[in-house]
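First the structure, in the form of structure tokens, and then the observations on it.
Read the figures in this text as sums done on the coordinates, not as results from a lab. Remember, it's a predicted structure, so these values are computed and weren't measured experimentally. All Cβ positions, glycine included, derive from the backbone under ideal geometry; neighbour counts span all protein chains shown.
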Amino acid sequence: MDNKKKPKIAVALRYRNNQDRTPVVTASGQGRMAEKIIALAREHKIPVEENASLAEALRKLTPGQEIPAELYEAVAILLAYIMEMDTRRAHKKR
């Protein structure tokens, strides 16, 4: 059994309603680059969700590439969760 800790992986996605056909990878990296992506997202109050298996699948894509059909469901679940969190946050501000 290998006890080595895998380097952290981060993938940034973008989806613009009425502009993008599907979510698009905007950045990806591992190790220090992943930490920078996560820090930048948090700095700009962009939601960060940890899902190692989805990140591993998405990191094979290049920035600007649309997600493939086999990942639609997983990414849709993630985006729905983020939208729900945004809605809750907006209601708390009222």
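Going through region 15-65 one residue at a time, which ones are out of contact with any Gly (no Cβ under 9 Å at 6 or more places or on another chain), over 24 Å from Met85 (Cα atoms) and not in a helix (DSSP H, G or I)?
Within region 15-65, Gly29, Gln30, Gly31, Lys60, Leu61, Thr62, Pro63, Gly64, Gln65 qualify.
Determine whether Ala52 is farther than 23 Å from Lys6 by Cβ, within 13 Å of the chain's Cα centre (by Cα) and surrounded by fewer than 14 Cβ atoms within 10 Å (Cβ to Cβ).
no
Considering region 1-29 alone, what residues qualify as being of a type outside the set (D, E, K, R) and farther than 14 Å from Pro63 by Cα?
Met1, Asn3, Pro7, Ile9, Asn17, Asn18, Gln19
Can you name the residue in region 66-94 that is out of contact with any strand residue (DSSP E or B) (no Cβ under 8 Å at 6 or more places or on another chain) and not in a helix (DSSP H, G or I) and is also nearest to Arg21 (Cα to Cα) among such residues?
The residue in question is Pro68.
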